[in-house]
Number of protein chains: 2
Amino acid sequence: MSFPHATGANLDQAPKKRLAVGVVGSGNWGTAIAKICGENARAHGHHFRSKVRMWVFEEEIEHKGEKRKLTEVFNETHENVKYLPGVECPPNVIAVPDVREVARRSDVLVFVVPHQFIERVCDQMSGHLRPNAVGISCIKGVSVGKDGVRLFSDVISEKLGIYCGVLSGANVANEVAKEQFCETTIGYNPPNPVISAEQIVAVFDRPYFSVVSVDDVAGVALGGALKNIVAMAVGFADGLEWGGNTKSAIMRRGLLEMQKFATTFFDSEKGTMVEQSCGIADLVTSCLGGRNNRVAEAYVKSGKPIEVLEKELLGGQLLQGASTAKEVHEFLSTKDMVNEFPLFHSVYNICYENMDPKGLIQVLQPLKEESENEGGTETE
Amino acid sequence: MSFPHATGANLDQAPKKRLAVGVVGSGNWGTAIAKICGENARAHGHHFRSKVRMWVFEEEIEHKGEKRKLTEVFNETHENVKYLPGVECPPNVIAVPDVREVARRSDVLVFVVPHQFIERVCDQMSGHLRPNAVGISCIKGVSVGKDGVRLFSDVISEKLGIYCGVLSGANVANEVAKEQFCETTIGYNPPNPVISAEQIVAVFDRPYFSVVSVDDVAGVALGGALKNIVAMAVGFADGLEWGGNTKSAIMRRGLLEMQKFATTFFDSEKGTMVEQSCGIADLVTSCLGGRNNRVAEAYVKSGKPIEVLEKELLGGQLLQGASTAKEVHEFLSTKDMVNEFPLFHSVYNICYENMDPKGLIQVLQPLKEESENEGGTETE
């Protein structure tokens, strides 16, 4: 029976030493992840050091009428009052302003920083890592440069000389922080597993955060990046007030383009995208009103350019679906394979080449070889 | 490259004779399908007889102040004024009140009747079929009796002694009738294909109704039946106001139970459920506000029993998700495999055994083998 099950926290073999977990990042998702790691460090005391260090980029904040340091307030209140207010973390999660200290004192390093900061943070950590440390990247997206498409887990791996896996799934941060049930996928497949997949699962698996681990690191990483392109296509359909049949066709075709991209350019398994939380579930969640979906809908309804909507609706943040569509388009152009991914291509064209969103319908229609002739003609 | 493409209307080889298409049924979906078949019969005049006969269960209706026969009004106006008002069919679609005439004069018989009538209709048609006729069942659901789960295509096949394929997808009838774009899946794999899959695709494929054909007849048929169970689970989640993470986890787990059911008890391919319109797309559409979803949501919010809601919201029609959950439960009980399908089991328990819908969360949580112990203990 090949039905995938959550791996669960199966830690039959006691490890030689208790592992220390560190979290690099402290936004809303970083803090929610640190809370999870802290809960598990306490729950599995045989296997993990209790203290979970969370690197916090130090800021002065206003707290109860006083100017305070964010780390100090967190370590007093166990609440990230700036980025995840109202959620209490367990007291064994400690805010640390020096990322090198987190690096020096962690066996498992969980990366949850905005993707534009990852290289700089790695440079600071470099030379301060424990032997046999491993990383888990929770950063969604991919890095596209002159060398092609790179996973952030590979960026981390190369910068720090450690193995790095990936965690991604249908995990809206605020819902996870409130302990609303969800699933996630971890891609972890080190060549020499000093720290086992079971141990990694135990770092994250909670009753409200159900982890399935797979070998396919690339598929897990790409799901979280590419789904934003598809969510925009569904958002355009929402803006045009197309029906559920049409939207589910867009999702299906988009999911298959995600799968094709991952299996054509990376060593990904077909099942990851269509069966795991990092693929189908994350896509569905994003199409049910994620930011890419909402901005794309507003684009159709308001007629305003994407950049204007980014300012108005996202406070100036880049819309990931649009920028990923552009990066993927540039990559596919170098391979002369743009036309093999018609849905990705159309989202790019709508965002950057003034294509009419209504044209998405033509994209969904396969080319027919026979021309239509009204009225029957006998052939014999 | 194994990327599935729509087969399209590829009819390079001229067939020996033009095929006649008949539609058995004339509800809203039946009429929408007859419209499609009529358009294709005209478009591909080399391959199909122009006339498409649609069996209409004769009724007296009130039309423009007069009592008229439904078939007469249809043949005058080309509109099914009772079941699909406002939609014009091409004039080569002819309403026929005698199902035996449709049987006698059709090479391709498309079945679109409510499932409770199919055996009786087949009995009437029996003995009146053309040699080499084939059927395509557009009936969603499965037939469960003392012999286990049977596909309606198999029921038709046995009753009439013809091969029968299946058409199913994310195809809300009124959207299809309005020519809003959608996709569908045809399962067609006859042992001796006198009528080819390409010809069958050409009967249905339209610019707004994109057909993919697969060999996996069982998978196509089961997708349309089992998705209703999952749509109810998502409806319960809607009623409980659970977030998008949780709902997409339910859809994912449901989709995998659908896949497992089809591959365990039938000769189905894993890809059909997770990659084709009859699986993932139909499930998504049904979870975005189909009737199973809406009634399940109302069940949680109103506290009224399912039977009462069937009366209030469905005019007394049976809710397919609930009845399918019950049939599947009875079937799985005989196999002692109820616990292998925890989501299906829970929907049954909620509908018929007073289970609290909140219990769905426990179902999503895999059993953990390690008990939690707060506070760390050294092992060495």
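A short reminder: the numbers here are calculations on the coordinates, not readings from a lab. In this text the structure is predicted, and so the values were computed from the model without any measurement. Here the Cβ positions follow ideal geometry from the backbone for every residue, glycine too, while neighbour counts run over all protein chains shown.
Percent of alpha carbon pairs in region A:21-215 separated by more than 23 Å?
Distances greater than 23 Å cover 39 percent of the Cα pairs.
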### Query
Considering amide H positions built from the backbone, and no H for Pro or chain starts, which residues 5 or more places from A:G165, or on another chain, come under 5 Å of its amide H?
A:G135, A:I136, A:S137
### Message
Nothing charged except the Cβ atoms of Lys and Arg (+1) and of Asp and Glu (-1): what's the magnitude of the dipole of the protein assembly as shown about its Cα centre? Round to the nearest 20 debye.
### Response
360 debye
## Note on the structure
Non-local residues with an amide H under 5 Å from the amide H of B:T184, with H modelled 1.01 Å from N and Pro and chain starts lacking one, are B:S210, B:V211, B:V212
### Task
Along Cα-to-Cβ, 7 Å out, sits the label point; list in nm, shortest first, how far the one on B:F117 is from those in the other copies.
6.5
### Message
Taking the 0 to 90 degree range and rounding to the nearest ten, how far is the long axis of helix A:28-43 tilted relative to the main principal axis of chain A, both from C-alpha atoms?
### Response
50 degrees
### Query
So which GluC sites (Glu not before Pro) in region B:138-241 pass both tests, a DSSP loop state and at most 14 other Cβ atoms within 10 Å of the Cβ?
B:E241
### Summary
In terms of the charge dipole of chain A, which places +1 on Lys and Arg and -1 on Asp and Glu at the beta carbon, the residue among A:N354, A:S277, A:C89 farthest towards the positive end is A:C89
### Query
Just how large is the dipole of chain A about the Cα centre, in debye to the nearest 20, putting +1 at every Lys and Arg Cβ and -1 at every Asp and Glu Cβ?
1700 debye
### Task
Sketch the reach of a paramagnetic label on B:K64 as a point 7 Å from Cα along Cα-to-Cβ, and name the residues of region B:80-106 whose backbone nitrogen lies under 14 Å away.
B:81
### Query
Tell me, what is the percent relative contact order of chain A, built from C-alpha pairs under 8 Å that lie six or more residues apart?
14 percent
#### Entry: Hull-based mean projected area of chain A, where the convex hull spans the alpha carbons, in square nanometres
23.8 nm²
### For the axis carrying chain A to chain B: nearest C-beta residue of A, whole Å
A:V274, 2
### Message
Checking the table A:K178/B:K140; B:K159/B:K335; B:K64/B:K140; A:K35/B:K326 against a 30 Å threshold on Cα-Cα, which pairs fail?
### Response
A:K178/B:K140; B:K64/B:K140; A:K35/B:K326
### Summary
Between A:Q317 and B:K178, Cβ-based FRET efficiency (R0 35 Å, step 0.05) works out to 0.40
### Task
Would you mind pulling out the separation of the Cα centroids of region B:163-237 and region B:305-337, in Å?
23 Å
### Message
Could you derive backbone 3J(HN,Hα) for region B:155-172 from the dihedral phi with the Karplus parameters 6.51, -1.76 and 1.60 (θ = phi - 60°), listing whole Hz in sequence and x where the residue is Gly or Pro?
### Response
4, 4, 4, 6, 5, 10, x, 10, 6, 9, x, 9, 10, 7, x, 7, 9, 4
### Query
What is the dipole size for region A:220-364, taken about its Cα centre, with +1 at each Lys and Arg Cβ and -1 at each Asp and Glu Cβ, in debye to the nearest 20?
280 debye
### Label 7 Å beyond Cα on the Cβ vector: A:D98 copy-to-copy distances, nm
9.6
### Query
Which loop-located trypsin sites (Lys or Arg not before Pro) does region A:77-162 contain, where loop means any DSSP state but H, G, I, E or B and the Cβ has at most 11 other Cβ atoms within 10 Å?
A:K146
#### Entry: Extended-chain gain in nm, criterion 0.36 nm per residue less alpha-carbon gap, A:Q362 and A:R150
73.2 nm
### Task
Taking amide H positions as placed in the peptide plane 1.01 Å from N, state which residues far from B:V96 in sequence (5 or more) or on other chains have amide H under 5 Å from it.
B:M54, B:W55, B:V56
### Task
Could you work out how far helix A:291-302 tilts from the main Cα principal axis of chain A, as a 0 to 90 degree angle to the nearest 10?
40 degrees
### Task
Report the normalised scattering of region A:201-282 as log10 I(q)/I(0) at q = 0.17, 0.21, 0.22, 0.25 Å⁻¹, calculated by the Debye formula with identical scatterers on the alpha carbons.
-0.70, -0.91, -0.96, -1.10
## Note on the structure
Here P(r) for region A:198-356, Cα-Cα distances in 5 Å bins, as whole percents, is 2, 9, 18, 21, 19, 14, 9, 5, 2, 0
### Query
Relative to the longest principal Cα axis of chain A, at what angle does helix A:244-265 sit, 0 to 90 degrees, rounded to 10?
70 degrees
## Note on the structure
The simple spin-label model distance between A:K17 and B:E241, using points 7 Å out along Cα→Cβ, in nm, is 4.9 nm
### Task
Kindly provide the helix-only [θ] at 222 nm of the protein assembly as shown, computed as the sum of -39,500 (n - 2.57) over DSSP H runs of four or more divided by all residues, to the nearest 500 deg cm²/dmol?
-13500 deg cm²/dmol
### Query
To the nearest µm²/s, what D does Stokes-Einstein give for region B:277-367 at 37 °C and 0.692 mPa s, using the Kirkwood radius over alpha carbon pairs as Rh?
234 µm²/s
### Cα extents of the protein assembly as shown along the three principal axes, largest first (Å)
84, 56, 50
### Position A:D267, label points 7 Å along Cα→Cβ, spacing to each other copy in nm (shortest first, one decimal)
3.6
